[in-house]
Amino acid sequence: MFVLPIKSTYVPSWGTFECLREVLQNAKDEEDEHGHKMGVKYDRGWLRVSNHGATITRKALLIGETSKAHRGDLRGQFGEGLDLALLVGVRGGYEMRVYTRTEVWTPTIEHVEKFDAEVLVVRTRALKVETSGVEVRIKMPLEDWLEARKLFRFLVDDEDEFLVKVRKGTIMLHPDRKGHVYVKGIYCTTIPDLAYGYDLNDVKLDRDRRMVDIWDLRWELAEMLREGVQVEPDKLAPQVYRMLRSKAEDVQSMKYGTTPDEFAEKMAEHFRAEHGADAVPVEGMAESQRLDHVGAKGVVVSDTLKKVLEKKVRSAQEVHQELATAVDREWSWHDLEDEEQATLSEMVTLVHEATTEWRGMYDVPMLLDRLVVVDFKKETMLGTCDRKTGQVKITRRLLVSPEDALTTLVHEEAHALSAASDGAKQHIAMIEAIWSRLYFSKS
């Protein structure tokens, strides 16, 4: 008989799953490390977990006795799995037996005077005939076992159509696996915000197999999904794009690290298919409005999706700069019709008189000295302003409508005076101030 100084109330949160977890992970590690095939079967009320050809000695009952410390390829690490499995199993009301090649061990919880406490006790009995391996038996209801076995992926066959296998593990697409996180095939935790399930080959866990660092997990998931899109693009690329668009927990770390070209291109394909070939990802409404002003389509996306797309889709700044300066032709004064000249002179004079005070304050030259009449390449473009130089460009076709010409000149001159972008408070305030001066100058 062995009295193990483990109090019966130790690891109080552990139950049936944890008991089975320790037994099954030991058996699976034995198979992976030494090639002793694991067998799992339920027979007449007893769950039997065996390793044919394996050997176990009484040293296995020592706390801390392990050959697996610092072995990242194995599931067990702490050298106490068998002891705690026996403790928790017996405490939960299950009969348990451990068959070595030469002995059978029977665990119980008993009051021991030496400690004046309920502790784990293991009684041993020699076998008449030596067995061919090691087997742990647990007497439990079939329904308990059927429910628990779902949490061990190496005991359940998942359909291949719902799996994407990558170097770091397996991505599980079936709705029943949503949010489930496994490590080396054993259930670890459920994170409801995850879009899919994941079985990781390696991630740091504590003794209770809880995640030590959620940031490590996020990083691993991002790496898995990036590779998954490259391995099986048809199966995974549309889903990952939707996750990036909806800011799913699975992809939050994709804003960090290196984005592979192939992955970025797949996401760019879906972005273009959804929004058009000329769409540009932007961070917010102000940037979208600024692009709209130069005739481009700015689509507000999550910061993570924007980071991924920037490798294959031009930035808002690049597009704005190109469109703002792209013209087919510049027109001289003598190129304009008499009516166009009259409209331009009148509207420029109105804006000039309304902004005299601010031009002096900000040392901005007269509008006519900074004005260029052009034909923009983008037909929807009305006008632009280079906020560094103050140069204003307007399209010639505005000159057939004094109202449209004035509206555009006010808008662009407000840029020059405020040095602010579209949608900025300073720009909006300057537009309102100019219109106010124009109104009262006519009153």
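Every number in this text was worked out from the coordinates using simple rules, so none of it is lab data. Only a predicted model underlies this, so the values are computations on that prediction, with no experimental measurement involved. Note that we place each Cβ from the backbone using ideal geometry, even for glycine, and neighbour counts take in every protein chain shown.
Please work out the Cα center distance from region 331-360 to region 154-180, rounded to the nearest Å. First find each Cα centre; the distance between them is then 68 Å. Spacing of the modelled spin labels on Lys150 and Ser401, each 7 Å from Cα toward Cβ, amounts to 6.4 nm. Projected label points at His111 and Ser345, each 7 Å from Cα along the beta carbon direction, are separated by 11.4 nanometres. Report the calculated FRET efficiency for Lys377 and Val231 (r = Cβ-Cβ distance, R0 = 41 Å), to the nearest 0.05. That pair, Lys377 with Val231, gives E of 0.45. Taken about its Cα centre, the chain carries a charge dipole of roughly 2480 debye when the Cβ of each Lys and Arg holds +1 and the Cβ of each Asp and Glu holds -1. Taking the three principal axes of the alpha carbon atoms in region 261-323, the coordinate ranges are 32, 19, 19 Å, sorted in descending order.
On the principal axes of its alpha-carbon atoms, region 258-388 has extents of 55, 34, 19 Å, going from largest to smallest.
Computing FRET efficiency as 1/(1 + (r/R0)^6) for Trp331 and Ala273, where r is the C-beta to C-beta distance and R0 is 35 Å, gives about 0.35. Every Cα-Cα pair of the chain was included, and the share exceeding 44 Å stands at 44 percent. For region 2-154, the spherically averaged projection of the C-alpha convex hull amounts to 9.2 nm². Shown is the FRET efficiency for Arg101 and Met1, computed with R0 = 22 Å from the Cβ-Cβ distance and rounded to the nearest 0.05: 0.65. Packing order of peptides 412-419, 7-14, 54-61, highest average first: 412-419, 54-61, 7-14 (average count of other Cβ atoms within 10 Å over each peptide's residues).
Using equal-weight Cα scatterers in the Debye expression, the normalised intensity of region 200-262 in log10 at q = 0.22, 0.30 Å⁻¹ is -0.92, -1.32.
Here is the tail figure for region 157-255: Cα pairs spaced more than 17 Å apart come to 45 percent of all pairs. When the C-alpha to C-alpha distance is required to be over 25 Å, the pairs from Lys165/Lys266; Lys7/Lys37; Lys266/Lys378 that qualify are Lys7/Lys37; Lys266/Lys378. Computed extension gain for Asp386 through Leu438, at 0.36 nm per residue and net of the alpha carbon distance, reaches 16.4 nm. Computed across region 95-237, the Kirkwood hydrodynamic radius from all distinct Cα-Cα pairs reaches 18.4 Å. Normalised by 2.2 N^0.38 Å, where N counts its residues, the alpha-carbon radius of gyration of region 327-442 equals 1.00. Along region 425-434 the Karplus relation, 6.51 cos²θ - 1.76 cosθ + 1.60 evaluated at θ = phi - 60°, assigns HN-Hα couplings of 4, 5, 5, 4, 4, 5, 4, 5, 5, 5 Hz to successive residues, with x for each Gly and Pro. From helices alone, the chain scores -12500 deg cm²/dmol at 222 nm; the rule is -39500 (n - 2.57) for each run of n ≥ 4 DSSP H residues, then divide by the residue total.
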